[in-house]
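Below is one structure, written out as structure tokens; the observations come after it.
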Amino acid sequence: MPVDGVPSRTKAPLYKRLQRRFFNGEASRVFRGMAVLAAGSSLAKLVGLVSIPLITRLYAPEDFGVMAVYTALIAMLLPLMTLRYALALPLPQHDGIAMNIMVLSAGILLAFGIALTVILAVFSAPLLGLLSMEFLIPWWWLIILGLLGAGIYELLTFWATRKRDYKIIARTNVTQSLAGNGVKIGLGLLIAGPLGLLVGQLVSKSGGIGTMLHAFLTDFSANWRHVRYRRMVFLSKHYATFPLYRVPSQFLLAFAMQAPVFFIASNFSTAEAGQFALAMTVIALPVTLVAQSAGKAFLGEAAKAGAKDQAKLRRMTVDVIQKTSLMSLIPAIVLFWFGEILFTLVFGDNWQMAGLFASYLSIYLFFHFISNPIQHVFQVVGRNDLYFQQVLRRAIMIVCVFTASYLLGLDAASTVLIYALVMSIHYGIVCVIALRTVGWRFHETEQRG
């Protein structure tokens, strides 16, 4: 009702307020890009999920073991193939400068590919035998193709991020899943052994290269004239923190991801390790589908703002933290209180312990979900040393947790609970350091409030 001629202001419907909250402000483009990437990633994972029951009937467990080792080896060696210069592609303001980084990265990738081909062609048997990977000796050439394919796709993905063409990334994610699983099924029907899985995995990591090359061919042709050897040398020095900090960071990340499962398997039992692995898979799903997509979109938008526009970068970072907090709060609460019930209903009575682990890990989920997108701030402002410190601290904290568990004789559930709490502290620290990096101060928030 109007009062004294002044119309009363009614509260907007909830969906309108949520729409304004999530799709207005500095982070609006981040979340639109995130939605596109998350949709593509979700569909790709759905294709893989539907294919698993058929694939497991075509291949023996040992074939899956060969594929797992092959995939892990590619993941471990891939950072070396471009020395992580690819991460700098979204950062320059001018496409000509970015093109020099692209050629520099491609040159490093080709050089490492040729060197590794010569090494494995001559010494594949002793080298893979030394690493207890004798079963990969007949397929050493697939290691080369896997590294080159994944490296080229990674370069093109970061160029797409630079151009904020999130749709093509989402589309190729789906293509990779369809083609990769199709190859696994097709070859599994024709031949025995792990070859079908390995070729399918190769396709699933490198498929979409042709689509991206066709989409960005005009860009590459227009900017090729800017490529100069001196510029590449200058840029290799200017972005030297990427190989200096990002390459070892990837190895530390791999260690941090695998150490908990190895420790639980060796100190408790393989059954409890399996329970923990399932819990981590479920916990990692929202981070993989949503938070990592938000991170790619955040990187694309933050790189456009640049380190010089710190005020805009600060607003964007705070806005993303607020919105990811809201998005992760309800799933974390539900999993915390009902983890055991949900896991028993979905996976069966044998997975009750995984539900208990998941309820503990939901604390970790909340903080990991928030910190995942904004860690790209360190990349945008050129502070890869800070990123390396975060990864190193995480690895040290994990070692401390499981060493203490071993010395104190804790059971698996207590160990997982402590692990979740310590990792929550770690990711909370990442958020604080990211905010401080962009110049955020708590007292400024109080004054604005």
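Throughout, read-outs are computed from the coordinates displayed, never taken from laboratory work. In this text, all values refer to a predicted model and were calculated from it rather than measured experimentally. Positions of Cβ are backbone-derived with ideal geometry, glycine not excepted, and every protein chain shown enters the neighbour counts.
Worth pointing out:
- Here the Debye sum runs over all C-alpha atoms of region 150-196 as equal scatterers in vacuum, and log10 of I(q)/I(0) at q = 0.13, 0.23 Å⁻¹ comes out as -0.42, -0.79.
- A simple count of charges around G207, restricted to other residues whose Cβ falls under 14 Å of its Cβ and scoring Lys, Arg +1 and Asp, Glu -1, yields +2.
- Pairs from K163/K323; K184/K323; K167/K237; K237/K323; K184/K237; K205/K312 whose Cα-Cα separation, in the structure shown, is over 31 Å: K184/K323; K167/K237; K237/K323; K184/K237; K205/K312
- P79 sits among other residues whose Cβ lies under 12 Å from its own Cβ, and their net charge, with Lys and Arg +1 and Asp and Glu -1, is +1.
- Relative contact order %, region 103-223, counting alpha carbon pairs below 8 Å whose residues are six or more apart: 26
- Region 327-346 and region 358-431 have their alpha-carbon centroids 20 Å apart.
- Label point distance in nm, A413-H94, each placed 7 Å from Cα along Cα→Cβ: 6.3
- Site pair A404 and D349 shows an inter-label distance of 3.7 nm when each label is modelled 7 Å from Cα along Cα→Cβ.
- Across region 382-430, the fraction of Cα-Cα pairs farther apart than 17 Å, rounded to a whole number, is 38%.
- Dimensionless Rg/Rh of region 73-213 - Kirkwood Rh, Rg from C-alpha atoms: 1.02
- Nitroxide proxy distance, nm - points 7 Å out along Cα→Cβ at A111 and T211: 3.3
- Here the peptides 154-164, 406-416, 319-329 are ranked by packing, the mean other Cβ count within 10 Å, and the order with the highest first is 154-164, 319-329, 406-416.
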